[in-house]
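Right, one structure below, let's go through it.
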Amino acid sequence: MGTTLGFGVDIGGSGIKGCTVDLDAGKLHDERIRIATPDPSKPDAVADVVKQIVDEFGWRGPVGITLPAVIKRGVAHTAANIDKSWLGTDAAALFADRLRQDPKNVVVLNDADAAGIAEISYGWPHDREGVVVLLTFGTGIGSALFLDGRLVPNTEFGHLEVDGHDAETRAAASVKEDKDLSWAEWAGRVSRYIRGLEDLIWPDLIIAGGGVSKKADKWLPLLEVRTRVVAAELRNDAGIVGAAVAVRENLHG
Ligand code: BGC
């Protein structure tokens, strides 16, 4: 039996990454390509880069694409770390048109939702029972909520108000960098944030993702929270893998 292949593209504020995905193993099938996000990150310019990446692989099949935005039926409704002209853009139609694809072969979804789909499918598949939340700590904080493995799309828990502030402006990984916080200082902020979230949704498991999940041993043990918190397994590839799964399973935002 041959490998089942898919294709995912993960669009972020600084880079656009894409690759073929081995859907049986839940891994990248090749070396991924990363191209800097155009500045300004307007829809047309971003679509050109997505096409360039897909073309480099000679891929003609279905494509899953993430955006750091709330996506409902292909349309972007927020634009936190990308150009504001995405607001109201039918991203699914734009990408399908640029890739000359049938619209049913293109799915666009929130980046954290895609990462969550990858983690729940391949990273922590035995822990999907109950309420599971994936949190991505990067430039902002993304979230994906699952009940018994089924996604509740477009939760925006990164924007919970904590002590009068938008949580991601206090506890994103970028804040640790910008303010040169120690692991202990940053973990204190993350704990404060997670405790606020716990009081509202009482999760059974939290999966911590984003670039900092690579250094999970430095900060997960410092968290003072009620819920079991584990590190994401797929690290930086989760968005690409999850996007490829989403288009195969027709999971829309
Ligand atoms: C956005 C989310 C996104 C997260 C991670 C937040 O600022 O509101 O939609 O998932 O950043 O990129």
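Based solely on C-alpha atoms, express the radius of gyration and the Dmax of the chain in angstrom.
17.2, 55
For region 125-232, what is Rg from Cα atoms divided by 2.2 N^0.38 Å, rounded to two decimals?
Normalised by 2.2 N^0.38 Å, the Cα Rg of region 125-232 equals 0.98.
Near Lys27, which aspartates and glutamates are there with a Cα under 15 Å away, not counting those fewer than 8 places off in the same chain?
Asp10, Glu119, Glu233, Asp237
In the chain, once you exclude exposed trypsin sites (Lys or Arg not before Pro) (DSSP loop, at most 16 other Cβ within 10 angstrom), what's the longest stretch remaining? Kindly include the intermediate steps, with their values, before the conclusion.
Values: sites that count: Arg60, Arg73, Arg100, Lys179, Arg226.
Longest site-free region, per DSSP loop and neighbour criteria: 101-178.
Counting only DSSP beta bridges with both residues in the chain, what percent are antiparallel, rounded to the nearest 5?
60 percent
Filter Lys84/Lys179; Lys176/Lys218; Lys17/Lys51 down to the pairs with a C-alpha to C-alpha distance above 22 Å, please.
As for pairs spanning more than 22 Å Cα to Cα, those are Lys84/Lys179.
Cut-off under 12 Å on the C-alpha distance; same-chain residues fewer than 8 positions from Lys42 excluded. Which aspartates and glutamates are left, in chain and number order?
Asp83
Quick check: net charge around Val212, other residues with Cβ under 12 Å of its Cβ, Lys/Arg +1 and Asp/Glu -1? Please report the intermediate quantities before stating the final value.
Working: positive: Lys176, Lys214, Lys215, Lys218, Arg235; negative: Glu177, Asp217.
Here the count lands on +3.
Find out how many positive minus negative residues lie around Lys27, taking Lys and Arg as positive, Asp and Glu as negative, among other residues whose Cβ is under 15 Å from that of Lys27. It would help to have the intermediate numbers written out before the result.
Numbers: positive: Lys17, Arg32, Arg235, Arg248; negative: Asp10, Asp22, Asp24, Asp30, Glu31, Glu119, Glu233, Asp237.
With Lys, Arg at +1 and Asp, Glu at -1, the net is -4.
Add +1 for every Lys or Arg and -1 for every Asp or Glu among the other residues with Cβ under 14 Å from the Cβ of Leu94, and state the total.
Once positives and negatives cancel, what remains is 0.
Using a 10 angstrom Cβ neighbour count of at most 15 plus a DSSP loop assignment to flag exposed GluC sites (Glu not before Pro), which longest range of the chain is free of such sites? Could you put the intermediate results ahead of the total?
On the way: sites that count: Glu31, Glu129, Glu224.
Segment 32-128 is the longest.
The numbers here are math on the coordinates, done by the rules we state, and not lab data. Note that the coordinates shown come from a computational prediction; the quantities given were computed from them, not determined experimentally. FYI the Cβ positions are ideal-geometry reconstructions off the backbone, even for glycines, and counts take in every protein chain you see.
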